Every structure is written in C-alpha cells, then in structure tokens.
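Below: the structure, in structure tokens.
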Amino acid sequence: MKWSTVKLIFSREMRDQFRDRRTLFTVAIMPLVLYPLMGMAMLQVAQFMREHPTDIWVVGGENLPSSPALIENGKISSNWVSEKNRKLLRLQGSDEADAQFFSLIKEFKQTPDSNHGSQLVDRLLEQQMEARKVDLAIIIPTSIDDPVAMDLTGEGAPPAKVYVFHNSAEDKSKIAADRVGAILNRWQHAYVEHTLGENNVPSWLIQGIEVNGADVSDKRGRSAAMWSKILPFVVMVWSLTGAFYPAIDLCAGEKERGTFETLLSTPAKRSEIAIGKLMTVVAFSMATALLNMLSMAFTGLFVYSRMTAGIGGMQMGPPPMASLIWLVIALLPISALFSAIALATAAFARSSKEGQYYLVPLMMISMPLMIIPMLPAAALDFGTSLIPVTGLMLLLRSLIEGHYAEALRYFAPVCCVTTICCWVAVRWVVYQFNSETVLFRASERFAVGTWIKSVFNQRHDVPSIGNAFLCCVLILVMKFFIGIAAAEMAPQTFVDLVQITLAVLLAGVLAPTLIMGVMLTTNVWRTLKLARCSVPVACAAAVMAICFHPALMALTELVMKIYPPIGDASQISGMFDGLMQSAPGFWAILLVMAVIPAVVEELAFRGFILSGFERLRNKWQAILLASLFFGMAHSIIQQSIITAFIGIILGVIAVQTRSIIPCMIYHVTHNSLTLILAMVSPDRIESNPMLRNVVHSPDGNGYQYTTFATVAMAVIACGLLGWFLKLQIAEPEEHATVDIASNPADESRNAVESPA
C-alpha cells in the first residue's frame, strides 16, 4: 500500500466533500446553530410555563379537629403552605348529597377483604370528580375528636382516617396529590405533637432516632457526574451520524454521478481507495462530533444554567475541562470504528436514497450499546469493559468523574477490544471494496411475486448466504417467542420439562431448518451435511469432546466470574434437581438434555446455516458466523459465550469432514459429560482413585477438573483439532461443482471451490 496514493485520494475526497453544501450543513452549520436555537426555544417556552391551580373536593371537612386547624375560612391554613402556593389550592365543600360516600367509605374502606366494594367506591369517586372537575378528593368519613378527649391507651374507637383520592392517569391530579400529600404530612406531625402536648406526653417518645442526611458532593462533582453521562452519548451519536452521510456520498453518491468507475480504473489499489475514503469519513465524523460537543457544552453553560436557576437549587455548571480532553482523545477510535462500519454498510447502497435506509437499522443496533452506560446501575468492571462501545463509554464516564484509579484498572481491556473492533471494521471496508458484486450491484425493481418465483425456480444443491441469514433470524425469533411462552409455564415435573424442551427445539429450531431445506434447496441431504463419516473420525470427535471438556468447564467458570449470573443459582439448581428426580431414569435425562438438543442444533447450525455461509468461499468466516448465531440462539449471556466457542470447534469438524455426524457425536458427548458431573454421587468419586486424580469437589457443591488433568487433556484435544484441520476428504464427484447463479453475491463465478 502506497501512502502517497492514499493521501492523494484523501485530498480528492475532502475537496469533493467541501463542495457539497448538504454535507457542510450537517457537519458544521447544524451543530453550531442547533443547540443555541434549542436553548433559546427552551427559554422562550419557560416564560409560558406556570403552575396551574389545583381544585380539591373536601368531603367531611367538619370532622377535622379545630386545633391545629387544617382548613380555615374555606382555604388551607397558612401554617402548612406558603401564601403563593395557598392561592393555587382551591377547595370545594360538600353538601348533604355527599353523605352517601360516608357510608360507603365506612363500609368498604375500613373492612378487610373488600376489594369489590373498594372498586365500587373508586368508580363512584371517579365519576364525581369528573362531574365536579376537581383534581383531588379528600374524604374524612368519621369525626377526628378533640385531642384532649382522646384515649391515649389505644382502647375504644378505632383511629380516625383521612382518605386522599387522585387519578394517576391525569398529570394535574398527580401533581395535586404531591402538593396535598406534603401539606397533610406537616399537619399530621403538628397534630400528633399538639395531642401529646395536651396530654403532657413528651413528643420525643414517638420520634425515635433522628436521622439527618446531607449531600457531601460539591457543585463541580455533581456537574461532572451529569456531564459524564451526556457528553459521551452525544459524541457517540454524532460520530455515527456524522460518518454516515459522507460515507453514503462517497459510495452511493459517486455511483450515481458516474465517477466511481473512473476512480476504480486508476492504478490505485482497491485497498488504497478504501483507506483514502475511510480517512475522509473519519475526518468528517470527528469534526461533527467535536462541534456538537462544544456547542452543547457552551449552550449548557450559558442557557440551561439560567433556565434552571431557582428551581429547587438545581444548576448545571460547565463540564470539567479535563472531560473535553478525554473526549477528544477517545474521539479518534470512536470515529474510526463508526466510520468503517458506515462506509462498509454504505458500499451496499446502489443510490443515496437506498443508503439512507441503512441508517435506521445501524442506529438501532448501536443505540442499546450507547444507552446501557447511561443507566444508574451501569458500572465499569472487567465484564463491561469487554463490551464494544459500552466499555469505552463507561471508561470515559469514569475519567470525566475523576475516578482515575478505576479507569486505569480497565484501560487495557477497553483499548484492546476497541482496537480489535476497529481492525475488523477496517478489514470489512477493504473486503467490500475488493468485491465487484458489492460495488456494482445493478438497480432492480422488486416485486413480491417475481421474488417468490425466483426463490422456488432457482433452487440449487446448497442454500445461499441470504438463505442462511434468514434461517438464523427465524430461529432466533421463534426461540424468543416460544421461550417467553414457555417461561410462563413453570415446569413442575420432568414431563413438563420434556414438553417445554421439545417445543423449543422442534418448533423453534428444527421446523425452520427442515422447511427451508426442502423449499429452498434441491439436495437436502447435502445441505444438512448428512454424509457418512468413517469410524476413526467418529472416535476422534468423541475423544476430542472428552479432552476439551475440562478446558471448557474452566472457561465456563471464568465467564461466570466475569459476568455473574443474575438470581439465586442455588435455587435454580435445587429446582433442576427436583425435576430430575421425577425422571423415569438417567437414560431419559440424557435423551432429553443431551441427545435431542445436539441432533437438532447440529442439523440447523452446522447443517443448513453453515452450508449457506460456506458460499463466502472463506471457511473461517463461515465458521465464525455460524458460531456467532449458535451462541446468540442461547438466551443466557454466559451460555451464549461458551456455546460460541464450542460452535467454532464443531464448525471446524463439519467443514473438514463435510458431515455433521461427528459434530453430533461431539455435541452429545459434551452434553452427557456435563450432566454426569452434575448428577454423579460424591461417594463414587471419592471411592475411585483414578477419578480423584481427574475431578475434585473444592466446596462440596460441584465438581472441577484438576489443573493437571485440564492441561494434559487440553493438549490432546488441540492435537486432535490439528488433525481435523489437516484432514482432506474429497468432495463427491457428482457435486464437485455447484452452479451459484442464484446467489447475487457470486453471480460472476461459475463454480465453488472446495471449502476445505
């Protein structure tokens, strides 16, 4: 790669972008004008914001005590509310027609187990409140006696009650409930003190221990805590937005203008063109994010701080200067990542209009990773530092808040993950620019009928890449909804567990696979890789499963430490043990929990899906994609990570042997070993010296492999995996070549080379 050529392409693209008024408006003008205009609009709107009066319907006001008085001259007493807020509380009295509510309240509200009567009262009150156009109803059904005459021993009549009814569906009613609730709390406290004072009882007897709280943070710390959530989010969003529009113009825009072919016909390499365009997109992405960040910071300093002055003492100061430095430093990898993803995605677009459609799904995929760090419960630890984008945002949050020790601890994993993601994204860009079928997709009119006919008329031996993706999506969606429905039916017996398991596997995994295999391919046998395998291959798969099991169990333990499971694991384990006890035998447990899942999942992920991904002509890309979806098919994050690693091993076996039979053997062996270790008796382990050298129980609750056994068996397993990688099995002669004209990504090719 010649960097002089990259620089020349970069200069050309920058000049072209500066001539585009729409790009300049999005990158430069809109950030500088948007936030000040929003601030001005908020200040103007704030002038029209005022507190509306609250209408209160008081039923039984005569039952209130005269001292301390809650209501004086038809208004709330000034002892409990300021004169300004007192004018906002308008009271409506009751008449003789309201006497029916006294009996209803006494009959139903003070009687246990009277839900039906309470609902009747609520409906009547709602109707009366709507008719009277009030926001709140205060009902005092019984007389609150004079404090001096009250029986302090607790004997006699039950204590008086005051009922406050509001409509939570109305904002004004909720605001009224908050206002009146604070007033009633102050009045109730004064009433109790007055009552105790009249009876010569010291009030401190009922106060208990006085608890005082104070906020020890300073204004700078509160401001930093708030800006640490806002600024990284703004930088992320605008980095993505600022990258996408130039990326669309550099790909789809040039296709429309007819200059893309001219650029590709130059002596410059495709990789040099891709890097030159990528640098242009990165520059505009960084400029957009930086200008938005500065504009928002100054707007918050000069506009929002004035608007919030005097509202509960809430003021938003300027962001710490150090935060701007950290954000600028992090802006380069953020922009590089999003720019590469945007450019690679925009390469699919055949027009600028089509390219804009890709922005929505890209934003929907990225937004959850950006929103998670803004949650109060989100914290920077080793597990979250390994999540792309989320770990970087949490690291920025710690740096802005001044938690440098915490940030330094997880700086390395965040940088490693971000660097790997950037490298993969850049490689994707180069791959897209090296693919003729991606860059020069012809525009076509889409018709549902024509598409359905082409699907059935242009079937081939193995599925296409699009068929494999569609199968993955169907399996994920089906398992999601079936899993939700099954979660509502908590299994009580082993039979219930069998029914739920079969429903998820057969309806959610096997059915989409077989239906698509029959309808979209002409050779289901080859699509599902149901070819026979030799006895040595089958034995090697079983032995490799046994030898890899200790390493995978160690990996499982590590994942559990990084991402601790939510909930009580012991309770789940106890429920599982109870279900297993009702099984007719251990053979039934192995059949339901080990054999059937292995067979069904291998038919789907190493059969139909991997066969489709092999059309990428790169076996490692096919294996990684199939393994990724295999992990996603398991809803628990800890299980998804482990199954993704297992999927890579199974993918290697399937690609090298061109059969899922050894994959099924490996899968069944792995599942069976896990179940055996979970259900084996401790006495049997302790009584066998050979088993004691392999597994042990450190805490008495579960079994672990010894370190020596884990290392020794992992070496053997890696040796067997290397043997599989060198295994050469000839493609059947009748299927040595495959016509792939139905695959739009490979229309220019006439044959598929052997995936091995």
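Quick notes
- Computed from label points 7 Å out along Cα-Cβ, the spacing between ARG257 and LEU675 is 6.4 nm.
- Potential lengthening of the chain between THR493 and PHE586 amounts to 32.0 nm, from the contour at 0.36 nm per residue minus the alpha-carbon distance.
- Once the Cβ-Cβ distance of ALA507 and ARG692 is raised to the sixth power relative to R0 = 56 Å, the FRET efficiency obtained is 0.80.
- Amide H to amide H distances under 5 Å link THR54 with LEU89, ARG90, where only residues 5 or more positions off or on other chains count and H is placed in the peptide plane.
- With Cα atoms defining each centre, the stretch 351-388 and the stretch 65-84 are spaced 53 Å apart in the structure.
- Annotation: amide H-H contacts under 5 Å for VAL59 (H modelled 1.01 Å from N, sequence separation of 5 or more, or interchain): ILE138, ILE139, ILE140.
- Taking Lys and Arg as +1 and Asp and Glu as -1, the other residues whose beta-carbon sits under 14 Å from that of LEU8 total +3.
- Residues within the reach of a label modelled at GLU436 (point 7 angstrom out along Cα to beta-carbon, backbone nitrogen below 19 Å), restricted to the stretch 239-267, are 255, 259-267.
- Reducing the stretch 611-675 and the stretch 591-610 to their Cα centroids gives an inter-centroid distance of 10 Å.
- Using R0 = 35 Å, the C-beta based FRET efficiency linking SER67 and LYS174 works out to 0.65.
- Note on LYS277: lysines with a C-alpha under 16 Å away, same-chain residues under 8 apart excluded, are LYS2, LYS7, LYS255, LYS269.
- Computed over the stretch 518-677: relative contact order in percent, which uses C-alpha pairs under 8 Å that are six or more apart: 39
- Inter-label distance for GLU126 and ALA485, nm, one decimal - labels placed 7 Å from Cα along Cα-to-Cβ: 3.2
- Contour excess over end-to-end distance, with Cα ends at TRP525 and ASN212 and 0.36 nm allotted per residue: 105.2 nm
- Whole-Hz ³J(HN,Hα) from phi, Karplus 6.51 cos²θ - 1.76 cosθ + 1.60, for the stretch 325-342, glycine and proline x: 5, 5, 5, 5, 5, 6, 5, 5, x, 4, 5, 5, 5, 5, 5, 5, 5, 5
- Under 5 Å, built H, 5+ apart or other chain: amide partners of TYR563: none
- Protection-proxy order for peptides 325-338, 276-289, 220-233, 356-369, each taking the mean of Cβ atoms within 10 Å per residue, highest first: 276-289, 325-338, 220-233, 356-369
Each reported figure results from applying straightforward, stated rules to the coordinates on display, with no laboratory input. Since the model is a prediction, treat every value here as computed from it, not as a measurement. Positions of Cβ are generated from backbone atoms using ideal geometry, with glycine treated the same way; all protein chains shown enter the neighbour counts.
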